[in-house]
Amino acid sequence: MNLLIGPLPIAAVVLLFAGCAPMEAAQEELELAQACLVTGPDTVHIEVELARTRDERERGLMERTELDEHRGMLFIYEDLRPPSHSFWMYNTPLPLDIAFIRPDDTIGTIRAMAPCPDTAGRCPSYPADVAFTRALEMNQGFFSRAGVREGDRFLLKGQPGCD
């Protein structure tokens, strides 16, 4: 016996409503990793959410209203991104800093990014100005407070220099 609600079988109705979950409920939690920012004499330990896929990178920290002090998001690219590649803060209410990381693990540039809760897409973009393979977003002012500058190193736990 095939139960129908109007012209649709019950299974189809269940599938229709399964797609109606709120956006945040549908978002999967990202993998976490331990990392270090090496400034020369000091090593700053942080925890990063890994944004590896295109969807994860596009979502980024959108709609987040808070971020722990020593936590950030690491955007990972399989290929070298050009200096013209830029980030924007579309639908992101948090003020953030972004560090563009070269393939040799050094920080090429650090930029402050203003919140842009505008959902119409009228947000400024922030170009890297260096070729990079990873980008690290942290709370605005974190790099300065931690003494991290351009030329310092970003390492994932397990790499030499980040135990």
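Bear in mind that the values in this text are calculations on the coordinates, not laboratory data. In this text, all values refer to a predicted model and were calculated from it rather than measured experimentally. Heads up, the Cβs are rebuilt from the backbone with ideal geometry, glycines too, and the neighbour counts pull from every protein chain shown.
Summary of computed values
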quantity: Ratio of the Cα radius of gyration of the stretch 37-80 to 2.2 N^0.38 Å, where N counts its residues; calculated: 1.38
quantity: Cβ charges +1 (Lys, Arg) and -1 (Asp, Glu), total dipole of the stretch 28-156, debye; calculated: 400
quantity: Additional length obtainable on full extension of the chain from H45 to R145, 0.36 nm per residue less Cα span; calculated: 34.7 nm
quantity: Exposure proxy ranking, count of Cβ atoms within 10 Å, fewest first, for H85, H45; calculated: H45, H85
quantity: Compactness relative to 2.2 N^0.38 Å, alpha carbon Rg of the stretch 28-156; calculated: 0.97
quantity: HN-Hα J in Hz across the stretch 130-145 - Karplus 6.51, -1.76, 1.60, θ = phi - 60°, x for Gly and Pro; calculated: 9, 6, 8, 10, 9, 9, 10, 9, 9, 3, 4, x, 4, 4, 5, 4
